[in-house]
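To keep things clear, I will list the structure first and then write my remarks on it.
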Amino acid sequence: MKLTDIRKRFLDFFSTKGHVIVKSDSLIPQGDPTLLFTGAGMNQFKDYFLGLRTDLKRAASSQKCLRTGDLDQVGKTPYHHSFFEMLGNFSFGDYFKEEAIAFAWEFLTKEMKISKDKLFVSVHEKDGEAFEIWVKKIGVAKDLIARLGDQSNFWPANAPKLGPNGPCGPCSEIFFDQGSNYPGATKGFWADDNSGRYAEIWNLVFTQFERQEGGKLVPLKAKNIDTGMGLERLACVMQGKKNNFETDVFQQINKTVRSALGLSENPKMPLEHIYAISDHVRAIVFAITDGVIPSNEGRGYVIRKLIRRALWRGYELLQVPNLNTGRRLEKPFLYKIVPEVVAAMKDVYPNLSEAAGSVRTTLQSEEERFLNTLETGLAILENQLASLKHKKILPGETVFQLYDTYGFPDELTKKIAHEQGFEIEQQQFDRLMEEQRKRAKASSKIADTIFAVSDINQDLLKLPETKFLGYQTLEAEGKILWSNFSGEEGAIALDQTPFYPEGGGQVGDQGILEGKKFSFSVLYTQKKEKVIVHYGKLIKGNLQFGETCQAKVNKEFREATKRNHTATHLLQAALRTVLGPHVRQVGSLVNPEKLRFDFTHGRVLTNQEIKKVEDWVNETVLESNAVQATQQNYDVAIKSGVLAFFGDKYANDVRVIEVPGRSKELCGGTHCHQTGEIGAFVITSESSIGSGVRRIEAITGMNAVRYLKALEEKLSRISILLKVNPDQVMERIEKLQKKLKELEQTGKTAAKAATETVDLESLMRSAKPAGKVKLISKVIQNEDLGFLRQLADQLRMQAKQSVIALFSTKDSKVNMIIALTKDLSNSLLDAQKMAQTIAPLLEGSAGGRKDLAQGGGRNEQGIARALETLSKLIQEAK
């Protein structure tokens with residue numbers, strides 16, 4: 001039975017049991033800053049478990065999950081993954097233990113037809129209720145049920161003693177017996193066998209308590225069910241495999257990994273590396289598709305780490321002696337695996353196909369970046385090992401620096417060090433890593449528990465959903481349901497409002513709330529859960545709970561924002577038209593001043609491409625097409641070709657913004673009624689913000705007019721400076737550039753003459769000690785100051801730890817250059833001060849910079865004394 005069939009059977013089964021089948025949430029938890037990634041099926045049902053929502057009683061899902069706590073185990077064990085799908089059924093105050101256990105047993109034994117003799121169960125040691133259900137209702141023999149403690153059969157593990165506070169409860173787990181022939185299998189009670197023979201396939205969590213301070217477990221009024229079963233693990237059981245990576249979904253991916261590395265099948269090949277690469281690439285593809293871009297912080301850092309670990313696995317694989325590859329990993333290869341991952345999963349996750357091009361581009365760019373740092377890291381490590389060859393101990397600080405600065409895997413550092421007979425200061429490395437983890441945790445908003453509630457006033461959560469009127473009007477009457485103030489600054493929630501709350505990249509509205517006895521300036525608007533909150537400052541008076549007020553949106557602010565938002569949609573359509581369908585939005589900002597659009601594309605845009613994009617948008621503006629907003633079913637909308645922002649979670653009914661024949665996107669923001677309202681569209685910048693990700697900033701309306709007017713004024717000032725008409729500026733600049741090149745060529749000729757006239761090697765060898773540095777000096781006849789400068793430049797590039805003193809005599813005049821080599825730029829030596837000190841000996845003067853000074857005089861006889869004085873100055877400075 002294929003993995004796809006198993007997933008469908010699970011969802012169909014629970015559909016017949018009255019469960020609402022809920023689509024997988026994004027890997028980026030929506031509206032929940034307390035979570036880094038979605039790591040369990042119950043994450044998206046958090047509000048139901050907390051009692052904040054009550055419109056759903058039974059649900060089931062196949063949730064894509066990403067966990068990185070056991071990365072070192074991925075590939076080594078049969079079951080560990082970074083990315084996996086979790087099958088789950090959930091009850092929110094509806095059924096409890098008896099039904100949950102019965103559903104699980106029925107699905108496994110009847111729907112999946114797994115022999116009852118192959119299934120074993122465990123319960124919490126104090127959960128007599130679950131024990132009795134398994135024995136009396138299901139018929140499992142008492143002596144086959146394992147009664148275990150808080151570590152293995154309580155969720156969260158050890159919560160009664162260690163916390164965290166919040167909903168928790170005992171759990172019951174179901175295991176599959178892989179047979180007595182399983183490697184390392186032992187005789188005796190099944191739960192005492194640690195060989196892996198008994199594979200955990202399903203965990204039933206009975207959320208019946210709330211843990212409070214001191215470890216007190218208080219029974220919940222509404223008891224919940226939260227179950228989780230790894231889809232890949234169940235497929236392993238159903239397909240009779242010993243390892244998840246041998247199941248159908250991985251087989252072709254594994255082959256593609258070998259092919260991408262140029263390897264053929266070989267019984268000596270360590271499959272651990274192949275499996276880990278297959279796993280990591282799956283995680284990378286899904287994460288980037290959901291909007292995570294590799295970076296140095298947060299989610300982006302996790303994905304960057306996965307990419308680098310997968311590359312390192314490929315590097316290691318090519319070094320395996322038995323494979324005799326004779327090669328090092330020099331080129332990206334992970335991006336070649338992306339199409340196979342997409343092919344294996346696209347039937348259930350069709351958005352993978354649309355994102356495939358951008359995922360490949362992003363991944364390839366990230367691979368190239370790391371391969372460059374890999375070589376740098378190897379060079380640094382080799383130098384460190386060479387300098388420490390007598391100690392044979394590599395400081396943990398070095399291992400950490402390579403890991404933290406260059407992304408160099410610590411496993412690779414340790415392997416290379418051990419091969420050369422070095423030990424690692426492991427405790428120092430572990431301490432630095434722990435300090436980094438604490439810093440990251442302190443600076444992040446990620447919580448220790450899934451049931452953490454973000455910094456929202458709890459009273460807000462009890463309010464009804466705010467009715468949003470902002471699509472129809474900019475002014476409306478609303479009743480005050482909640483407020484919170486600290487002095488004059490505060491926040492207000494109404495029963496209904498025309499104020500658009502920040503979302504979808506668009507900033508929240510500004511404006512004013514006015515009551516009979518108060519006036520409140522709204523500076524920004526946000527949505528907290530289902531409540532729209534107006535933040536700002538009390539201008540006058542006092543407000544009262546329950547009173548009505550007039551909510552007035554700042555029209556100019558809203559109109560400018562609308563122009564930029566509609567233009568953002570047109571920009572994405574233009575980019576996909578000009579560059580290709582691989583272009584995909586990964587972020588945006590829309591405010592009254594400008595729009596910012598981040599998108600996937602592997603290279604800088606040419607000036608011609610930028611012009612084409614700009615023209616495409618402006619042509620659409622001139623057409624003044626209608627901007628249509630409609631409510632549609634999500635599946636219907638997607639099938640019709642609507643663009644969705646991957647990573648966002650959408651309801652069944654969605655809002656579609658369409659410019660017929662031009663653009664069609666899912667969007668909840670505010671928009672123009674016609675494209676002509678945009679007025680004008682000007683791209684002001686295009687840049688890179690990460691691997692395979694570009695950023696365009698643009699302006700519209702009067703901001704565009706003012707911007708172009710400012711450019712016109714600059715052009716006018718430039719034309720005045722160049723003393724030509726504005727239409728002659730380019731011609732004048734081209735002539736000046738030509739003249740500059742001629743002067744540069746003259747300088748190169750002078751430099752060549754300087755090196756041909758003076759033997760630089762001989763001159764550097766003749767340098768005399770002066771304190772801790774050297775003094776290179778030369779007196780040249782019949783040459784000017786330009787010649788000395790060229791000669792000094794040549795010496796500065798080649799000499800080290802030296803002061804350069806050059807003199808020339810011509811037409812009864814003495815020229816002088818005093819310079820420092822570049823490695824002395826941060827020393828106490830000052831070329832300008834030294835030149836000014838010895839210039840009077842030449843009956844002249846000098847000036848310049850700390851690293852280079854020039855001067856001259858009339859007294860040729862003073863050169864010898866000037867050199868003596870210079871030597872003393874150098875020694876005193878050092």
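The values are calculated or read from the model by the stated rules, or taken from the named source; none is laboratory data. Everything numeric in this text was worked out from a predicted model, so none of it was measured. Don't worry about glycine lacking a Cβ; one is built from the backbone with ideal geometry, like all the others, and counts go over all protein chains shown. Ligands, DNA and RNA are stripped out before the accessible areas are found, and what is left, the full protein with its side chains, is counted by its heavy atoms. Shrake-Rupley method; radii C 1.70, N 1.55, O 1.52, S 1.80 Å.
Worth a mention:
- The single condition among (1) in a helix (DSSP H, G or I); (2) touching a Leu at 6+ places or on another chain (Cβ under 9 Å); (3) touching a residue at least 24 places away in the same chain (Cβ under 8 Å) that GLN384 does not meet is (3).
- If you check VAL359, VAL338, VAL399 for being without any contact (Cβ under 8 Å) to a residue 60 or more places away in the chain, open to solvent by less than 10 Å² (accessible area, probe 1.4 Å) and under 28 Å from ILE689 (Cβ atoms), only one passes: VAL338.
- Selection of region 465-486 for residues being in contact (Cβ under 8 Å) with a residue 60 or more places away in the chain, open to solvent by 70 Å² or more (accessible area, probe 1.4 Å) and either within 16 Å of GLY546 (Cα to Cα) or under 36 Å from the mean Cα position of the chain (by Cα) (or both) yields GLU465, TYR471, GLU477, LYS479.
- Residue count for region 623-651 under the criterion of being among the small types (Gly, Ala, Ser), at pLDDT 85 or above and within 30 Å of ARG299 (Cβ to Cβ): the result is 2.
- A residue that is in contact with a Gly (Cβ under 8 Å, 6 or more places away or on another chain), part of a strand (DSSP E or B), in contact (Cβ under 8 Å) with a residue 40 or more places away in the chain and open to solvent by 60 Å² or more (accessible area, probe 1.4 Å) can be found somewhere in region 812-822.
- Selection count where residues are open to solvent by less than 70 Å² (accessible area, probe 1.4 Å) and either closer than 16 Å to GLU85 by Cβ or in contact (Cβ under 8 Å) with a residue 60 or more places away in the chain (or both), scope region 1-20: 10
- Residue match in region 228-247 (condition: in a helix (DSSP H, G or I) and free of Cβ contacts under 8 Å to residues at least 60 places away in the same chain): yes
- Single residue of region 252-283 satisfying the filter (more than 22 Å from VAL320 (Cα to Cα) and not basic (Lys, Arg)) that is surrounded by the most Cβ atoms within 10 Å (Cβ to Cβ): ALA283
- You will find that of ASP127, ASP94, the residue that is crowded, with 19+ Cβ neighbours inside 10 Å and either over 27 Å from ALA235 (Cβ atoms) or among the basic types (Lys, Arg) (or both) is ASP127 and no other.
Rundown of residues vs (1) polar (S, T, N, Q); (2) touching a Phe, Trp or Tyr at 6+ places or on another chain (Cβ under 7 Å); (3) farther than 23 Å from PRO78 by Cβ, yes/no style:
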{"residue": "VAL140", "(1), (2), (3)": "no, yes, yes"}
{"residue": "SER152", "(1), (2), (3)": "yes, no, no"}
{"residue": "ILE174", "(1), (2), (3)": "no, yes, no"}
{"residue": "GLN178", "(1), (2), (3)": "yes, no, no"}
{"residue": "ASP192", "(1), (2), (3)": "no, no, no"}
{"residue": "SER195", "(1), (2), (3)": "yes, yes, no"}
{"residue": "ARG211", "(1), (2), (3)": "no, no, yes"}
{"residue": "GLY228", "(1), (2), (3)": "no, no, no"}
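- For region 569-593, taking the residues that are within 22 Å of the chain's Cα centre (by Cα) and open to solvent by less than 20 Å² (accessible area, probe 1.4 Å), the one that is nearest to ASN351 (Cα to Cα) is identified as ARG584.
- So SER24, is it of a type outside the set (A, V, I, L, M) and either open to solvent by 30 Å² or more (accessible area, probe 1.4 Å) or over 30 Å from SER195 (Cα atoms) (or both): yes
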